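What follows is one structure encoded as structure tokens, with my remarks underneath.
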Amino acid sequence: MRIDIVTCLPQLLESFFAASILKRAQDKGLVEVHLHDLRNYTTYKHKQVDDYAFGGGAGMVLMIEPIVRCLRALQAERTYDELIYLTPDGEKLSQRAVNTLSLKQNLLLLCGHYKGVDERVREHFITREISIGDYVLSGGELAAAVVADAVIRLVPGVLSDETSALTDSFQDDLLAPPVYTRPADYEGMKVPDVLLSGHEANINKWRYDQALERTRQRRPDLLGE
Ligand code: ADE
């Protein structure tokens, strides 16, 4: 899988993709993440990529021209399965959407900034718009990082224990059950006996019951209740 991220602040994302699971995934050759600085695609003076909104009002808007120059340069090299714009008015990100995106070969993520991008970019170039929640960030970079992280960890081979993604919260519309590690008794705070029993069927039943109970208490909407 290849993910191209178009942003006017690539430095915000560099360290994020240079550590931990995301770095290992790239080192193993399972995913490629490429950051593209919008300022390298502008023909305006002082590397300008934004301008005042026609009609007035506060806030700057990312101009269509550098964005399209960048998108066209990238599209000349490969076909993208989706060109995704991160925006608070997009479809709300869900595990279902993440699962679908993890099956794609080439994704492009466009980060907005300031007041967003010229609407013509959205109308004519973008294939999907995603929000990571009902709040406004100062730019799409953190949202792009969230989408890329959630997608990359599902690419086969990225997680050392592949089954661990299958037991994530939301994969079966249930929250994940509690987990414990050593020591089994910490100052009298004990790990549930069943987890120490070695009895796989009982452990699985306990985990399922806990997941159901946790979901009922915290997110009854997931159960349609
Ligand atoms: N850009 C600004 N806020 C955002 C959000 N909530 N989701 C995605 N992109 C954004």
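The values are calculated or read from the model by the stated rules, or taken from the named source; none is laboratory data. Everything numeric in this text was worked out from a predicted model, so none of it was measured. With ideal geometry, Cβ positions are generated from the backbone for all residues, glycine too; neighbour counts draw on all protein chains shown. SASA here: full protein model, heavy atoms, side chains in, ligands and nucleic acids out. Shrake-Rupley method; radii C 1.70, N 1.55, O 1.52, S 1.80 Å.
Kindly check whether there is at least one residue in region 81-91 that is of a type outside the set (Gly, Ala, Ser) and exposed (fewer than 15 other Cβ atoms within 10 Å of the Cβ).
So far as region 81-91 goes, yes, one or more of its residues are of a type outside the set (Gly, Ala, Ser) and exposed (fewer than 15 other Cβ atoms within 10 Å of the Cβ).
Applying the selection to region 119-174, what residues are open to solvent by 30 Å² or more (accessible area, probe 1.4 Å) and under 23 Å from residue 69 (Cα atoms)?
Listed by number, the residues that qualify are 119, 120, 122, 123, 124, 125, 127, 128, 129.
Since residue 98 meets every condition but one in (1) within 15 Å of the ligand (Cβ to nearest atom); (2) over 24 Å from residue 17 (Cα atoms); (3) buried (at least 16 other Cβ atoms within 10 Å of the Cβ), which condition does it not meet?
The one condition residue 98 does not meet is (2).
Confirm whether residue 5 is at pLDDT 95 or above, surrounded by 12 or more Cβ atoms within 10 Å (Cβ to Cβ) and β-branched (Val, Ile, Thr). Step through it out loud before you land on a result.
On the way: at pLDDT 95 or above: yes; surrounded by 12 or more Cβ atoms within 10 Å (Cβ to Cβ): yes; β-branched (Val, Ile, Thr): yes.
Taking the combined requirement at face value, the residue satisfies it.
Are any residues in region 117-149 more than 13 Å from the ligand (Cβ to nearest atom) and in a helix (DSSP H, G or I), and if so, which ones? Walk me through how you get there before you give the answer.
We begin by selecting, within region 117-149, every residue more than 13 Å from the ligand (Cβ to nearest atom); these are 118-121, 123-125, 127, 149.
Correct list: 119, 120, 121, 123, 124, 149.
What single numbered condition from (1) among the hydroxyl-bearing types (Ser, Thr, Tyr); (2) open to solvent by less than 70 Å² (accessible area, probe 1.4 Å); (3) within 16 Å of the ligand (Cβ to nearest atom) fails to hold for residue 114?
Condition not satisfied by residue 114: (2).
Does residue 103 meet the test of being touching a residue at least 40 places away in the same chain (Cβ under 8 Å) and either among the charged types (D, E, K, R) or within 30 Å of residue 222 (Cα to Cα) (or both)?
Details: touching a residue at least 40 places away in the same chain (Cβ under 8 Å): no; either among the charged types (D, E, K, R) or within 30 Å of residue 222 (Cα to Cα) (or both): yes.
Spelling it out, it is not the case that residue 103 is touching a residue at least 40 places away in the same chain (Cβ under 8 Å) and either among the charged types (D, E, K, R) or within 30 Å of residue 222 (Cα to Cα) (or both).
Enumerate the pairs (first residue in region 129-143 and under 18 Å from residue 61 (Cα atoms) and assigned by TED's automatic domain parsing to the domain that holds residue 101; second residue anywhere and of a type in the set (Ser, Thr, Tyr) and more than 6 Å from the ligand (Cβ to nearest atom)) with beta-carbon separation below 8 Å, excluding pairs fewer than 6 apart on the same chain, so at least 6 apart or on different chains.
129/85; 139/7; 139/114; 140/7; 140/85; 141/7
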